[in-house]
1. Restricting the calculation to Cα positions, tell me the Rg (one decimal) and the Dmax (whole number) of segment 41-131 in Å.
2. Given segment 152-310, report the % of alpha carbon pairs whose separation exceeds 24 Å.
3. Measure of size requested: the Rg and Dmax of the chain, with Cα atoms as the atom set and Å as the unit; please supply both.
4. Counting only protein chains, not ligands or nucleic acids, how are C19, C133 ordered by accessible area (probe 1.4 Å), most first?
5. With +1 on the Cβ of every Lys and Arg and -1 on the Cβ of every Asp and Glu, and nothing else charged, how large is the dipole of the chain about its Cα centre, in debye rounded to the nearest 20?
6. Per residue of segment 5-13, what does 6.51 cos²θ - 1.76 cosθ + 1.60 with θ = phi - 60° give for ³J(HN,Hα)? Whole Hz please, x for Gly and Pro, Karplus curve as stated.
7. For segment 1-156, what is the Kirkwood estimate of the hydrodynamic radius, computed as the reciprocal of the mean inverse distance between distinct Cα atoms, to one decimal in Å?
8. Take the cross-link list K15/K36; K36/K223; K65/K89; K89/K118; K36/K76; K223/K282 and give me the ones stretching past 18 Å between alpha-carbons.
Amino acid sequence: MSEVDVDQASLAQLKEILCNPESQLANRFRALFNLKNIGAEGGNDATTAIDYIAEAFKDDSELLKHEVAYVLGQIKNDYAAPHLQNVLKDESQQCMVRHEAAEALGAIGHQGSLPLLKEYYENDPLEEIRQTCELAIERINWENSEKAKTEQLEQSAYTSIDPAPPMELTKESKVPKLQDILNDQSKPLFERYRAMFRLRDLNTDEAALALATGFDDSSALFKHEIAYVFGQMCNPVTVPSLVKVLSDDTEAPMVRHEAAEALGSIATDDVLPILQKFAQDKEQVVRESAIVALDMYEYENSGELEYAVKA
């Protein structure tokens with residue numbers, strides 16, 4: 001199959017592209033998101049698409065597998081839960097992939113996964129996994145609570161299912177106060193994430209700069225979510241902080257990778273040479289993220305279809 005035919009590919013051909021390590025990475029990502037769309041539509045092909053997506057967990061690319069887990073969560077179909085549970089339990093998988101699998105279980109709202117999430121929240125040696133499981137548990141509990149039915153939430157401009165809902169409108173809307181909650185490590189992580197997504201939804205320069213202060217946190221998970229949010233906001237005011245994070249080779253790869261993808265989404269002229277530089281990075285997941293981000297950059301500047309990538 002020609003590499004340029006991804007958008008016209010059949011279901012089986014999409015699987016072939018996604019799972020073929022010889023295919024261009026950007027085309028594998030496009031095949032993944034085409035399969036996501038099929039899975040999200042429901043119908044007879046949905047479960048087949050989910051199974052095909054999950055086949056890619058056998059790949060060597062940490063970036064691709066993490067994106068596969070994210071996509072399965074965004075489809076929000078309980079059928080994907082066993083695939084994600086297996087990845088979370090597989091300690092031979094990279095931390096970033098296991099984290100995304102746990103987060104995806106929270107996005108699905110899969111109550112049957114609560115015992116497993118609690119087990120890894122209490123016992124996993126990796127902070128990123130423990131914190132992700134904590135958030136996923138809180139997200140599932142919130143989604144099935146009375147609060148979820150009664151809280152007043154702003155209608156978000158973003159369609160993603162996030163690790164936490166934004167903070168309710170009646171609680172706080174002032175940027176300095178939200179920034180204080182964001183950075184207060186004495187508060188529950190779920191509440192801090194709610195402040196994060198409330199700041200995202202405000203989407204002002206002031207809110208973006210407040211979010212950037214979150215890069216001073218010690219948690220790689222927290223910082224990677226800040227970078228992800230910046231990729232959604234696409235506000236050029238965040239470019240300097242993202243470049244600083246990406247350029248710091250002592251920073252966790254999961255944070256640097258997310259910064260690269262965010263820069264690809266923002267796609268201002270000054271971003272291009274930065275991404276070209278880090279497409280040669282020694283860290284594979286950063287290198288691959290910059291390559292995908294360059295493809296995103298081309299999409300953003302071509303007026304073609306929306307290119308949706310997470311971290």
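1. When restricted to the Cα atoms of segment 41-131, Rg and Dmax are 12.4, 40 Å.
2. 30
3. Expressed in Å, the Cα Rg and Dmax of the chain come to 18.4, 54.
4. C19, C133
5. Roughly 580 debye, rounded to the nearest 20.
6. 9, 4, 6, 10, 6, 6, 4, 5, 5
7. Working: mean 1/r = 0.0621 Å⁻¹.
Averaging 1/r across every pair of different Cα atoms and inverting gives 16.1 Å.
8. Distance filter (> 18 Å) returns K36/K223; K223/K282.
The values are calculated or read from the model by the stated rules, or taken from the named source; none is laboratory data. Every value quoted in this text rests on a predicted model; they were computed, and no experiment measured them. We place every Cβ from the backbone using ideal geometry, glycine too, and count neighbours over all the protein chains shown. When the accessible area is computed, the model is the full protein with side chains, heavy atoms only, and any ligands, DNA or RNA have been set aside. Shrake-Rupley method; radii C 1.70, N 1.55, O 1.52, S 1.80 Å.
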